[in-house]
1. May I ask you to list the chymotrypsin sites (Phe, Trp or Tyr not before Pro) in the range 31-137 that are in a DSSP loop and have at most 15 other Cβ atoms within 10 Å of their Cβ?
2. How far, in nm, would the chain grow between Met370 and Lys241 when pulled straight, counting 0.36 nm per residue and subtracting the alpha carbon separation?
3. Work out the charge dipole of the range 1-134 with +1 on the Cβ of Lys and Arg and -1 on the Cβ of Asp and Glu about the Cα centre, then indicate which of Ile109, Pro53, Gly119 is farthest towards its positive end.
4. Would you list Met369, Met389 from fewest to most Cβ contacts within 10 Å?
5. May I ask you to derive the FRET efficiency for Tyr35 and Glu175 from their Cβ-Cβ distance with R0 = 41 Å, giving the value to the nearest 0.05?
6. Quick one: Karplus J couplings for the range 384-398, per residue in order, coefficients 6.51, -1.76, 1.60, θ = phi - 60°, nearest Hz, x for Gly and Pro?
7. Using Cα centres only, tell me the gap between the range 20-98 and the range 301-363 in whole Å.
8. Quick one: putting +1 on the C-beta of Lys and Arg, -1 on the C-beta of Asp and Glu, what dipole do you get for the range 170-257 around its Cα centre, in Debye to the nearest 20?
Amino acid sequence: MAKRTIVALPGDGIGAVVLKQAVRVLDAAGFDADYVYGDIGWDFWCREGNPLPQRTIDLIAEHKIALFGAITSKPKDDAAAELSPALQGKGFTYSSPIVGLRQHFGLDICVRPCRSYKGNPLNFIRRDKDGNPEEPMVDVVIFRQNTEGLYGGVEWSNPPQQVYDALMTHPKFRENFGWCPKEELAVSTRIFTKKYTERIVRAAFEHAMKFGYKSVTVCEKPNVIRETSGLMWKIAKEMQKNEFPAIQLRNTNIDAQMMWLTKNPEDYGVIVAGNMFGDIASDAFAGLIGGLGFACSAQFSEDGIGVFEPTHGSAPKYAGYEVPIVNPVAMIESACMMLDYLDEKETATRIRMAIAEVIEEGKVKTYDMMKMTGKPEVVTMGAASTIQMTDAIISHLK
């Protein structure tokens, strides 16, 4: 097999730190690849007025696979204030580069596994009927529609007159918002299309069938958001009936799901949702398995482009520590998802087994696993550094 080329996107803050460690693990596991580094993130916004330069888009278009660290993203006014003085007032507007990647390449399917590691001191614990502590093992995979919904980017402050006039044709808008001056309105849209709703729902069912999950849960709010959430629920019912009758179909509202996940998280298998609710559900389930230090993700397009990244942010305050302390597991797990996608499943399995052995052994723990505040001195108090945790994982590779 020809050597693969992976586009490495360090991004901002701790992104570069954890990406470097993931590449170390991939190398140690025998994954044969060349890494070409792409420019993305806050520095390029400040210097060039574009956090996602065309040269980076071209790299991903050529090589199809990207391993991504993390980005810093700030509100519009803060972003404008940090733009280079030479670019001020020239019409540059900040938008998230990861959202830009999703929209440009049509990365509409986002997959976020949330699985417990045995022995992780951060795992969710509850009490049984007799008051004794019990630790349910969580194994949930969230399918999040990535390009539509509230993250579609169709929004306005002081909307154009034609948009305002169109909104005024809706009786609910006239009744509830007709009193508000146009210049005092901010409007965000939530758009679902049948094509891409069907794609994410089908992907969820196919994953459940392939990996033996018994249920698919639609986590939306169709009793209130009737048109968009209702579309996903309608499609899921028809698809389950006609194509996947062996998979149980469930329907939970996002608010109720947030309650139920701390009561019986082991009852859920595959969850599918729109963009915002999928984001909420995946972070909530990640909290049951140890937090964002253990939360990985992958996103795919129709034409075979894949981007793999941890779901944590850039945590810029940690990036400057002389000894890095952040947990690299989420980034390494994201690299394993990349290996799965590239049909390097044996290598992915060996890495996951190494992670599991380190965590169950319990001798090496990052500061979050020791429930410490993330300060530089944690490495003098017994917490493993980012590099030490990576070293331990490499040492357990079979």
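FYI, it's all coordinate maths here, none of it is from the lab. For clarity, every value in this text was computed on a predicted model and none was experimentally measured. So basically every Cβ, Gly included, is an ideal-geometry build from the backbone, and we count neighbours across all protein chains shown.
1. Details: sites: Phe31, Tyr35, Tyr37, Trp42, Phe44, Trp45, Phe68, Phe92, Tyr94, Phe105, Tyr117, Phe124; in loops: Phe31, Phe92, Tyr94, Tyr117, Phe124.
Here the chymotrypsin sites (Phe, Trp or Tyr not before Pro) that fit, given the DSSP loop and packing criteria, are Phe92.
2. On the way: separation 129, 0.36 × 129 = 46.44 nm, distance 4.67 nm.
Length difference between fully extended and current span is 41.8 nm.
3. My answer, from the dipole projection, is Gly119.
4. By the 10 Å Cβ count, ascending: Met369, Met389.
5. With R0 = 41 Å, the Cβ-Cβ based efficiency is 0.15.
6. Listing the rounded values in order: 6, 6, 4, 5, 5, 5, 5, 4, 5, 4, 4, 5, 9, 5, 8 Hz.
7. So the two Cα centres are separated by 19 Å.
8. 280 debye
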